[in-house]
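One structure below.
The values are calculated or read from the model by the stated rules, or taken from the named source; none is laboratory data. A quick note: this is a predicted structure, and the numbers were derived from the prediction, not measured. Quick reminder, even Gly has a Cβ in these numbers, built from the backbone with ideal geometry, and neighbours come from all protein chains shown.
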Amino acid sequence: MEDSPEPYSCFVSITLSFFNTFNTEAALGLLAMAILLVLSALVSGSEIAFFSLKHSQLEDLREDSSRQALKIISLMEKPKRLLATILITNNVVNIAIIIISTFVTSIVFNFEQYYIFGFVVQVVVVTFLLLLFAEVLPKVYATQNALKFSMFISGTMLTFRRLFYPLSSLLVNTTSLIDKKLAAKKTGFSADELSHAIDMAHEEKGTEEDKQLLYGIVQFSNIYAREIMKSRMDVVAVDENTPFDELIHIIVEAGYSRIPVYKENFDNVIGILYIKDLLPHLNAEPDFKWVSLIRSCFFVPESKKINDLLKEFQEKKIHMAIVVDEYGGTSGIITLEDILEEIVGEINDEFDIEETIYSKVDNKNFVFEGRTLLKDFCKITGIDYAGFNEIKGEADTIAGLILEVKQELPYKGEKISFMGFDLIVDAVDNRRIKRIRVIMK
């Protein structure tokens, strides 16, 4: 028994119903589409190629006297106009491709009864061809061969720049106006945004030292003198009536190059003694009036930002300032080295004696001196300093943080928990928290 030809005939009938005819107009349309697709690919690739050129490559091109090099330099001298030309050309070509594709498909196919199939052919297929052959592939190639691609397309882009000059001028002028409006309202990136960007960049590539250096630069303008100063409890200073032989003993034991000098008490600092000024008088009599050698001192408030203080240090050519509180009392001292260490990290010379402010038991247990600055504490433990803003008040040390939270002097062994770690008072005297254990949870 023979198979029925009806299913085959039905299939042939449906298939033939999709097609109208393929004539000369359709062939010319397909040829025009192919040419425009190539042109679109070249224009899309040129955007990546031109703007991927390195500074060294542009310098070499400026020294090159060839026609292609001159064309590239001519285009890159006005990058906004070049970008406008590329965008306008690319859009015009892509629109032309879409219009011609619609014309060709209307000739070749019959979509009167098959609207979904018509949508797939006219939209999905054409869009796929544009994305693959006119966007993705040329841009990938141009990224790897920026100079070669720029040399090839430079003449064509100059032609399009002349052709679309009125439109590109309108686009450039409009964007320039918008840029000016936005620039007037722009406030810049916040320190937190930049810090987040550094974290993201560090995850991709970079060492911990690079990360800390960038952090220091970002946060530099937000640090106050009181946050990094050496408190008055830790400052070596001398009374103006100190005998000369006793002064020499204090200087040798301290090992500093500059020492504050006060009258009666440390709240009344009268000057700074530079140790180098004493060198010619080392063999002087015990009653030598060394006070005549002191130099005037520079006073700054606790609220002074260290970026402004650094400029004043440079202008006045000094290395030390006396930090005073709102009542005029001496809070401590701050040096040029203290400021620079906020950017580059700890600075030690051959005469420095390394001072241990903490010991690390393991990755989750530390022992800190109570006078350790909160900023140093955060650097060592990796805790975010911004997390202390709401609770630290005026405190700048770990001991000060505990006093701010407790509002009283804690007893030995007392524990305070917050931000994912415990602070345990390890040693305390009548007026001061001396040592603190830190347990990271």
**Request:** Would you be able to tell me the number of residues in segment 271-289 that are touching a residue at least 40 places away in the same chain (Cβ under 8 Å) and in contact with a helix residue (DSSP H, G or I) (Cβ under 9 Å, 6 or more places away or on another chain)?
**Result:** 5
**Unmet criterion (only one of (1) closer than 21 Å to LYS364 by Cβ; (2) not in a loop (DSSP other than H, G, I, E, B)) for GLY413** = (2)
**Asked** Can you tell me which of ILE97, ILE72, ILE107 is under 17 Å from LEU147 (Cα atoms), in contact (Cβ under 8 Å) with a residue 60 or more places away in the chain and not small (Gly, Ala, Ser)?
**Response** ILE72
**Among residues of segment 374-392, those that are surrounded by 13 or more Cβ atoms within 10 Å (Cβ to Cβ) and among the small types (Gly, Ala, Ser), counted** = 2
**Asked** Does segment 378-385 contain any residue that is closer than 24 Å to ARG226 by Cβ, of a type in the set (Val, Ile, Thr) and in a loop (DSSP other than H, G, I, E, B)?
**Response** yes
**Restricting segment 393-417 to residues that are of a type in the set (S, T, N, Q) and either over 28 Å from the mean Cα position of the chain (by Cα) or on the phi > 0 side of the Ramachandran plot (or both), the residue that is surrounded by the fewest Cβ atoms within 10 Å (Cβ to Cβ)** = GLN407
**Message:** Quick check on GLU285: is it part of a loop (DSSP other than H, G, I, E, B) and either closer than 30 Å to ILE439 by Cβ or acidic (Asp, Glu) (or both)?
**Reply:** yes
**Complete:** The correct count of residues that are in a helix (DSSP H, G or I) and either farther than 22 Å from ILE343 by Cα or at pLDDT 80 or above (or both) in segment 386-404 is 7
**Prompt:** Of the residues that make up segment 58-68, is at least one over 14 Å from ARG161 (Cα atoms), modelled with pLDDT under 90 and among the hydrophobic types (A, V, I, L, M, F, W, C)?
**Reply:** yes
**Fill in**
Reported set for segment 75-94 where residues are in contact (Cβ under 8 Å) with a residue 40 or more places away in the chain and either in a loop (DSSP other than H, G, I, E, B) or among the small types (Gly, Ala, Ser) (or both) is ALA84
**Message:** Please go through segment 221-233 and give me each residue that is surrounded by 12 or more Cβ atoms within 10 Å (Cβ to Cβ) and either aromatic (Phe, Trp, Tyr) or outside any loop (DSSP other than H, G, I, E, B) (or both), ordered by number.
**Reply:** ASN222, TYR224, ALA225, ARG226, GLU227, ILE228, LYS230, SER231, ARG232
**Message:** Looking at SER52, SER44, SER17, can you tell me which residue is modelled with pLDDT under 90, out of contact with any strand residue (DSSP E or B) (no Cβ under 9 Å at 6 or more places or on another chain), closer than 16 Å to PRO138 by Cβ and surrounded by 11 or more Cβ atoms within 10 Å (Cβ to Cβ)?
**Reply:** SER52
**Hey, VAL361 among the aliphatic types (A, V, I, L, M) and in a strand (DSSP E or B) or not** = yes
**Fill in**
Those residues of segment 294-324 which are surrounded by fewer than 17 Cβ atoms within 10 Å (Cβ to Cβ), hydrophobic (A, V, I, L, M, F, W, C) and over 16 Å from SER231 (Cα atoms) amount to PHE298, LEU310
**Request:** Would you point out the residue of segment 250-269, among those that are assigned to a strand (DSSP E or B) and among the aromatic types (Phe, Trp, Tyr), that is nearest to ILE318 (Cα to Cα)?
**Result:** TYR262
